[in-house]
Amino acid sequence: MKPATATINGNALRHNLQLIKSLAPNSKVCAVVKANAYGQGIPNVVRHLSDLVDAFGVARMKEALQIQESGYAGKILLLEGFFDQEELRKTLSRRFDTVIHCLEQLEMLELVAREWQTEQEKSFWKRKTKIYFPITVWLKIDTGMHRLGVHPEQVAEIYSRLTACPLVENVVFVSHFSRADELDCGYTEKQIVLFEATTAPYSAPKSIAASSGILYWQQAHYDWVRPGIIMHGISPHSEPITSLGFQPVMTLSSSLIAVRDHQAGEPVGYGAGWISPKATKIGVVAIGYGDGYPRNAPEGTPVLVNGRKVPIVGRVSMDMMTVDLGIDSQDKVGDEVILWGEELLIEDVARAIGVINYELVTKLTPRVLIEYRDA
Ligand SMILES: *Cc1c(COP(=O)(O)O)cnc(C)c1O
């Protein structure tokens, strides 16, 4: 009997990546695998995709190291850049690509470059103490998200400082949409115009599109696209994307560990929050908020038992949840329960709970087993 398990369909993952490439045929792909590859497990996602992508993007140094140590020798981009000098030194010695989004990062890079040059001059006749590689810097421009990025007016100065820095091999211009899933709000067009105007004087490559940008803003695919959630067949907003040809990659499942007769008028679970209006059978499923399933999932949130949608009743607890199987249920202890997957789309579960799809997958905890199948 399986406890909470995320089954990852490697073929669906590759299919989605191919679909992304056909949607953005002239762009390189930086596959974003932050947050443990959206809960799907970094090493295996990297293994399944490494021959299809041009780079992997991550949010933390730890994730970059994990990818490199898994044997991948290609490009790895730190989407928020290095956080301190120690991380910068790792970036240089491991030859990661890095975003630079603020002057503090630029100054740190210039400082380390000066030290490195001095050291090289002093020790050119002996063995070099530090091996640093010139790297690709992705200069992040704030075009309207107003979270990270330098102001468009700062770009000329920063660009010339970057090209003058001996530790910088190439520059890529990067920005991020804040409302790319709102097709008629007019904001994305403004970001595109500003991004193009700011980068027009330079020949450096450009990147702005994440999942929604790839799906809806063809004119902004540029040299690099940065897909995250759609690689997993999950929508960047609330409407499923299976109609666009994407296939759900993850099935989150567990098992019934008890099937209990339940009398009308009896409550179930902590706080006795739900009281059954009639006699029924209650199924106890071995998954809870300790596995990352949201505790605030309201009564009625669907799960799938033997192909049939049944509602969660009572509070989700740490290791278990309870579902109303109905009086005529034939379901048995050991039967599989699907929390989301191909037959119960994560978009529908997220909507019922009132969270976004991204939250559901990234909150899964290490207790959830991750299994891969290639069929
Ligand atoms: C997370 C992230 C992405 C991927 O976003 P999705 O919406 O999952 O495609 C792309 N670029 C940056 C900078 C990110 O932080």
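The values are calculated or read from the model by the stated rules, or taken from the named source; none is laboratory data. Computed from a predicted structure; not experimentally measured. Here the Cβ positions follow ideal geometry from the backbone for every residue, glycine too, while neighbour counts run over all protein chains shown.
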- Message: Condition (residue is β-branched (Val, Ile, Thr) and either at pLDDT below 95 or loosely packed, with under 14 Cβ neighbours inside 10 Å (or both)) applied to region 279-298: is it met by at least one residue?
- Response: no
- Task: Mind listing whichever residues of region 59-79 are among the acidic types (Asp, Glu) and surrounded by 18 or more Cβ atoms within 10 Å (Cβ to Cβ)?
- Result: Glu63
- Taking region 123-150 and keeping residues surrounded by fewer than 16 Cβ atoms within 10 Å (Cβ to Cβ) and either touching a strand residue (DSSP E or B) at 6+ places or on another chain (Cβ under 8 Å) or at pLDDT below 95 (or both) leaves Ser123, Phe124, Trp125, Lys126, Arg127, Lys128, Thr129, Lys130, Ile131, Phe133, Pro134
- Test for Tyr159: is it in contact (Cβ under 8 Å) with a residue 24 or more places away in the chain and part of a helix (DSSP H, G or I): yes
- Val172 passes all but one of (1) farther than 21 Å from Asp54 by Cα; (2) surrounded by 16 or more Cβ atoms within 10 Å (Cβ to Cβ); which number fails? (1)
- Could you list, in sequence order, the residues of region 77-110 that are free of Cβ contacts under 8 Å to residues at least 12 places away in the same chain and under 17 Å from Arg161 (Cβ atoms)? Glu104, Glu107
- Which members of region 175-226 meet the condition of being at positive phi and surrounded by 18 or more Cβ atoms within 10 Å (Cβ to Cβ)? Tyr222
- Item | Pair list, Cβ under 8 Å, 6 or more apart: region 354-366 residue among the basic types (Lys, Arg), other residue surrounded by 12 or more Cβ atoms within 10 Å (Cβ to Cβ) and in a helix (DSSP H, G or I) | Lys363/Gly39
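Mind listing whichever residues of region 204-223 are in a strand (DSSP E or B) and either near the ligand (Cβ under 10 Å from one of its atoms) or hydroxyl-bearing (Ser, Thr, Tyr) (or both)? Full working, then the answer.
Of all residues in region 204-223, those in a strand (DSSP E or B) come to 206-207.
Hit for region 204-223 is Ser207, nothing else.
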- Query: If you take just the strands (runs of 3 or more DSSP E) that sit entirely in region 312-375, which of them hold at least 3 residues that are crowded, with 18+ Cβ neighbours inside 10 Å and touching a strand residue (DSSP E or B) at 6+ places or on another chain (Cβ under 8 Å)?
  - Reply: 321-324, 336-340
- Query: Can you tell me which residues in region 256-274 are more than 38 Å from the chain's Cα centre (by Cα) and either within 16 Å of Thr301 (Cα to Cα) or not in a strand (DSSP E or B) (or both)?
  - Reply: Gln263, Ala264, Gly265, Glu266
- Filter region 227-246 down to residues that are more than 10 Å from the ligand (Cβ to nearest atom) and part of a helix (DSSP H, G or I) and give me whichever is surrounded by the most Cβ atoms within 10 Å (Cβ to Cβ). Thr242
